[in-house]
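Colleague: Right, I'll just put the structure down here and ask away after.
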Amino acid sequence: MLENVKHVILVLSGKGGVGKSTVSTQLALTLKEKNFKVGLLDIDLCGPSIPYLLQLEDKGVHQSDEGWVPVYTDQEQKLAVMSIGFLLNSRNDAVVWRGPKKTAMVKQFLTDVSWGELDYLLIDTPPGTSDEHISVMESLKGVKCDGAILVTTPQQVSIEDVRKEVTFCKRTKIPILGIVENMSGFVCPSCTECTNIFSKGGGEALANLAEVPFLGVLPIDPRVGALLGKACVKELPESPSAKTFNEIAEKITCT
Amino acid sequence: MASTVENPTNIPEHCPGTDSANAGKASACAGCPNQQICASGPAGPDPGIQLVKERLEQVRNKVLVLSGKGGVGKSTVTAMLSRSLAARDKDSNVAVLDIDICGPSQPRVMGVLNEQVHQSGSGWSPVYVDDNLSVMSIGFLLSSPDDAVIWRGPKKNGMIRQFLSEVDWGNLDYLLMDTPPGTSDEHLSASTYLSQAGLTGAVIVTTPQEVALLDVRKEIDFCKKVKIRVLGVVENMSIFVCPCCKRLSEIFPATTGGAKKMCEELNVPFLGSLPLDPTVARYCDEGKDFISELPNSPVVQALGEIVKKLVTVCESREE
């Protein structure tokens with residue numbers, strides 16, 4: 001099913017809540033602004049965030065002869081999205097599944113969705129190095145996977161988990177495209193003093209340690225969190241976040 | 001394991017049930033897709049449940065710390081609660097069990113990063129942070145911080161069973177269990193193994209923004225489904241006080257009313273909010289005891305209230 005997809009990129013992090021979904025959505029929107037056809041697959045089965053972040057919570061998935069039709073964010077169908085959130089009856093419903101069932105669902109997402117022609121398929125993952133990750137790796141064996149973007153926050157407690165994710169990538173032979181450091185400082189709106197709430201520089205240090213590229217820092221910016229479906233590069237072109245997203249997109253597209 | 005076998009959607013009409021001695025062998029089982037699993041698995045409940053019950057008989061309160069969302073501060077809140085519980089009464093015994101297998105954070109947050117566990121005749125000895133505060137985590141069993149635990153569900157399940165049934169905690173007043181995000185293997189295993197041992201309930205941690213509350217609602221739904229009592233919800237990272245101008249900022253804006261409103265909607269108790277304090281984050285990274293070192297931090301003060309409420313809820317159940 002993925003033969004018409006030119007590039008597959010995973011967004012990983014050992015740690016939860018560091019902004020994998022936010023980075024995936026904004027990166028997808030940035031690529032879309034650059035006129036690529038993009039797919040965004042959310043394989044976080046227990047906590048899907050993409051439908052909310054793109055304001056698609058009331059949308060449903062339809063079945064066609066070719067498989068599941070993803071949800072499109074726009075008329076021109078340049079950004080296609082698939083998530084388990086579209087299959088749940090209520091947003092409060094919990095998906096209480098053990099590994100084998102999650103594995104089956106992930107496989108179905110990878111084989112049964114009719115993405116059509118895509119330039120980039122971004123895969124947003126849950127935290128950890130367990131069932132979902134192993135399943136994706138196994139299913140992607142036959143497909144060319146460009147690599148993984150690792151997201152972290154700067155504090156040690158998060159770096160520690162992401163180090164494990166680096167090991168996971170090395171063992172499963174997924175190339176690491178680079179590390180993004182998210183939430184790396186908060187600029188007080190009244191006195192413009194920058195506070196490093198979760199310290200700073202951890203992502204870059206980790207990139208050096210693991211000998212992988214460092215893609216950039218994203219500061220804490222409540223405006224980006226409030227964008228909900230709009231592209232940061234378009235709505236807040238002057239913000240430091242937009243700059244970083246543009247840089248990351250450039251690095252991905254030129255390789 | 002019989003308890004992990006899920007019923008197929010098209011159960012044969014006279015299915016004897018996965019726990020029955022006839023599972024997979026009755027005539028109705030012919031043609032059922034799960035026949036083989038039922039027939040080969042041991043009948044009856046998992047023997048681990050009984051072992052856990054015996055091991056945890058000396059533990060008065062067993063509390064799970066849950067959150068559907070990652071990175072909201074489950075481990076930090078677990079560490080804070082345990083330190084606070086241990087500090088308020090020197091005669092009580094408190095322990096923390098880290099069942100986050102893929103991303104253990106307790107060794108760092110508690111400041112016992114390079115410690116090891118020892119085996120004794122009565123089981124694994126946990127690592128002691130203080131005279132009355134002990135910790136157990138898979139982090140102590142890894143040889144390097146780069147080591148990844150790339151395990152599927154059943155293996156994680158086995159580890160959790162071992163943690164619950166083989167650690168020699170001694171007499172405990174509180175056992176807090178720190179969990180990974182989600183509603184999957186680890187959570188199901190913990191609730192299954194603790195089903196006979198008398199789980200006191202769950203503390204749920206969230207941050208104020210909708211994207212976190214979304215996953216936390218799922219976790220509360222999970223608690224209802226598996227019949228875990230929700231002791232209360234703690235809202236972490238609620239407000240940031242600029243250290244320079246003291247202005248309050250909402251870093252993760254509660255656009256939908258935050259945790260308090262969610263608690264009202266879902267009818268669960270709200271325990272309180274913890275502000276965001278960069279010093280506390282740094283102390284966590286360094287594993288220092290922020291309760292005795294930062295007694296004036298707004299976080300520590302808010303924590304006092306939360307612990308008081310939590311103790312009341314736990315004690316009221318016992319009578």
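Colleague: Once phi is turned into θ = phi - 60°, what whole-Hz ³J(HN,Hα) does the Karplus curve with 6.51, -1.76 and 1.60 give for every residue of the stretch A:129-146, x standing for Gly and Pro?
Modeller: Couplings: 9, 10, 3, 4, 5, 5, 4, 4, 4, 5, 5, 8, 3, x, 9, 7, 9, 5 Hz.
Colleague: Hey, another quick one. Which log10 I(q)/I(0) values, to two decimals, does the stretch A:102-238 give at q = 0.17, 0.20 Å⁻¹ under the Debye formula with one point per Cα?
Modeller: -1.08, -1.26
Colleague: Something else: Find the accessible area per residue for chain B; the probe is 1.4 Å, ligands and nucleic acids are left out, and the unit is Å².
Modeller: On the way: 12970 Å² over 319 residues.
Here the per-residue accessible area is 41 Å².
Colleague: Please state, as a whole number in µm²/s, the translational diffusion coefficient that the Stokes-Einstein equation yields for the stretch A:186-247 at 20 °C and 1.002 mPa s, with Rh defined as the Kirkwood radius across alpha carbon pairs. Please list the in-between numbers first.
Modeller: Values: Rh = 13.2 Å.
In µm²/s, the coefficient is 163.
Colleague: Also: Where does chain B land on Rg(C-alpha)/(2.2 N^0.38 Å)? Don't skip to the end; give the middle numbers.
Modeller: Numbers: Rg = 20.9 Å, N = 319, 2.2 N^0.38 = 19.7 Å.
Ratio of Cα Rg to 2.2 N^0.38 Å: 1.06.
Colleague: In the stretch B:88-188, what trypsin sites (Lys or Arg not before Pro) fall in a loop by DSSP, with at most 16 other Cβ atoms inside 10 Å? Before the final figure, lay out each step's value.
Modeller: Working: sites: B:Arg88, B:Lys90, B:Arg108, B:Arg152, B:Lys155, B:Lys156, B:Arg161; in loops: B:Lys90, B:Arg152.
Answer in residue order: B:Lys90.
Colleague: Comparing the chain by itself with all protein chains present, which residues of the stretch B:195-237 are at least 10 Å² less accessible (probe 1.4 Å)?
Modeller: B:Glu210, B:Val211, B:Leu214, B:Asp215, B:Arg217, B:Lys218, B:Asp221, B:Phe222, B:Lys225, B:Met237
Colleague: Restricting everything to alpha-carbon atoms, can you work out Rg to Rh for the stretch B:171-242 with a Kirkwood hydrodynamic radius?
Modeller: Taking Rg over the Kirkwood Rh, I get 1.01.
Colleague: Translational D (Stokes-Einstein, µm²/s) of the stretch B:254-319 at 37 °C and 0.692 mPa s when Rh comes from the Kirkwood sum over C-alpha pairs? Mind showing how you got there, number by number?
Modeller: On the way: Rh = 13.8 Å.
Rounded to a whole number, D works out at 238 µm²/s.
Colleague: Ok, one more. Average the reciprocal distances over every distinct pair of alpha-carbons in the protein assembly as shown, invert the result, and give the Kirkwood radius in Å. If you can, show how the numbers build up before the last one.
Modeller: Details: mean 1/r = 0.0410 Å⁻¹.
Computed over the protein assembly as shown, the radius equals 24.4 Å.
Colleague: Under a cut-off of 17 Å between alpha-carbon atoms, report the lysines in cross-link reach of B:Lys227, not counting same-chain residues fewer than 8 places apart.
Modeller: B:Lys62, B:Lys218
Colleague: Then there is this: Just how much of A:Thr153 is accessible, in Å², when a 1.4 Å probe is used and the result is rounded to the nearest 10?
Modeller: The value for A:Thr153 is about 10 Å².
Colleague: Nearest 100 Å² is fine: how much accessible area is buried between B and A, summed over both sides, with a 1.4 Å probe? Walk me through the numbers on the way to the answer.
Modeller: Values: alone 15410 and 12190 Å², together 22750 Å².
Counting both chains, the buried surface is close to 4800 Å².
Colleague: Kindly give Rg over Rh for the stretch A:5-253, based on alpha-carbon atoms, with the Kirkwood expression for the hydrodynamic radius. Display every interim value, and only then the final one.
Modeller: Values: Rg = 17.3 Å, Rh = 18.3 Å.
Rounded to two decimals, Rg/Rh equals 0.95.
Colleague: Tell me the carbon and sulfur percent of the accessible area for the stretch A:5-253, rounded to whole percent, probe radius 1.4 Å. Mind showing how you got there, number by number?
Modeller: On the way: 4470 of 9230 Å².
Here carbon and sulfur together make up 48 percent of the probe-accessible area.
Colleague: If you don't mind, another one. Rolling a 1.4 angstrom probe over the protein heavy atoms, how many square angstrom per residue are accessible across the stretch A:5-253? Provide the component values of the computation, followed by the final result.
Modeller: Values: 9230 Å² over 249 residues.
In whole numbers, the stretch A:5-253 has 37 Å² accessible per residue.
Colleague: Give me the residues in the stretch B:82-108 whose solvent-accessible area, probe 1.4 Å, is reduced by at least 10 Å² once all protein chains are included instead of the chain isolated.
Modeller: Residues passing the criterion (a loss of at least 10 Å², heavy atoms only) are B:Cys102, B:Gly103, B:Pro104, B:Ser105, B:Arg108.
Colleague: Normalised radius of gyration for the stretch A:151-197, please: alpha carbon Rg relative to 2.2 N^0.38 Å, two decimal places.
Modeller: Details: Rg = 14.6 Å, N = 47, 2.2 N^0.38 = 9.5 Å.
So the stretch A:151-197 has a normalised radius of gyration of 1.53.
Colleague: In addition: Measure nothing but the geometry: give the 0 to 90° angle between the long axis through the Cα atoms of A:99-111 and the longest principal axis through the Cα atoms of chain A, rounded to 10°.
Modeller: 80
Colleague: Continuing with this model, one more query. For each pair in A:Lys32/A:Lys164; A:Lys32/A:Lys251; A:Lys6/A:Lys234; A:Lys102/B:Lys69; A:Lys15/B:Lys246; A:Lys102/A:Lys170, compute the distance between the two Cα atoms and list the pairs where it is over 20 Å.
Modeller: Working: A:Lys32/A:Lys164 31 Å; A:Lys32/A:Lys251 15 Å; A:Lys6/A:Lys234 25 Å; A:Lys102/B:Lys69 17 Å; A:Lys15/B:Lys246 30 Å; A:Lys102/A:Lys170 23 Å.
In this structure, A:Lys32/A:Lys164; A:Lys6/A:Lys234; A:Lys15/B:Lys246; A:Lys102/A:Lys170 lie more than 20 Å apart at Cα.
Colleague: Quick one: angle between helix B:74-88 and the longest Cα principal axis of chain B, in degrees between 0 and 90, rounded to 10, please.
Modeller: Helix B:74-88 and the main axis of chain B meet at about 70 degrees.
Colleague: Counting only protein heavy atoms, what percent of the accessible surface of the stretch B:46-318 is carbon or sulfur at a 1.4 Å probe?
Modeller: Details: 4750 of 9880 Å².
Carbon and sulfur together cover 48 percent of it.
Colleague: Once every Cα of the stretch A:93-177 carries one equal point scatterer and solvent is ignored, give the base-10 log of I(q)/I(0) from the Debye formula at q = 0.11, 0.13, 0.22 Å⁻¹, two decimals.
Modeller: Reported log10 I(q)/I(0), two decimals: -0.35, -0.49, -1.22.
Colleague: Between A:Pro51, A:Pro154, A:Pro240, where does the largest GNM mean-square fluctuation fall for chain A, given springs only between Cα atoms within less than 10 Å?
Modeller: Highest fluctuation of the listed residues: A:Pro240.
Colleague: State the three equivalent ellipsoid semi-axes of the stretch A:1-86, derived from the C-alpha gyration tensor as the square roots of 5 times its eigenvalues, in descending order and whole Å. Mind dumping the intermediate values first?
Modeller: Working: eigenvalues 76, 52, 36 Å².
They are 20, 16, 13 Å, listed largest first.
Colleague: Among B:Leu142, B:Leu56, B:Leu276, which one moves the most in a GNM of chain B with springs linking Cα atoms closer than 10 Å?
Modeller: Result for chain B, Cα springs under 10 Å: B:Leu142 fluctuates most.
Colleague: Using 0.36 nm per residue of separation minus the Cα-Cα distance, give me the extension gain between A:His62 and A:Lys34 in nm, one decimal.
Modeller: Working: separation 28, 0.36 × 28 = 10.08 nm, distance 2.78 nm.
Full extension of this stretch gives 7.3 nm more.
Colleague: Between the helical axis of A:240-254 and the dominant principal axis of chain A, each derived from Cα atoms, what acute angle in degrees is found, rounded to the nearest 10?
Modeller: Orientation of helix A:240-254: about 50 degrees from the principal axis.
Colleague: Just to confirm my understanding: which cysteines in chain A have no other cysteine beta carbon less than 4.7 Å from their beta carbon?
Modeller: Flagged as lacking a Cys partner: A:Cys46, A:Cys145, A:Cys169, A:Cys194, A:Cys232, A:Cys254.
Colleague: With r defined as the distance between the Cβ atoms of B:Ser122 and A:Arg171 and R0 fixed at 35 Å, what FRET efficiency is calculated, to the nearest 0.05? Don't jump to the answer; show the numbers that get you there.
Modeller: Values: r = 36 Å, r/R0 = 1.03.
For B:Ser122 and A:Arg171, the calculated efficiency is 0.45.
Colleague: Build a GNM of chain B with springs between Cα atoms under 10 Å: which of B:Pro243, B:Pro269, B:Pro154 gets the top mean-square fluctuation?
Modeller: B:Pro243
Colleague: In whole angstrom, note down how far apart the Cα centers of the stretch B:145-210 and the stretch A:102-175 are.
Modeller: Answer, in whole Å: 24.
The values are calculated or read from the model by the stated rules, or taken from the named source; none is laboratory data. Just so it is clear, the model here is predicted, and its values are computed rather than measured. When we count neighbours, we look across all protein chains shown, and the Cβ atoms used for this are built from the backbone with ideal geometry, even at glycine. With ligands, DNA and RNA removed, areas are computed over all heavy atoms of the protein, side chains included. Shrake-Rupley method; radii C 1.70, N 1.55, O 1.52, S 1.80 Å.
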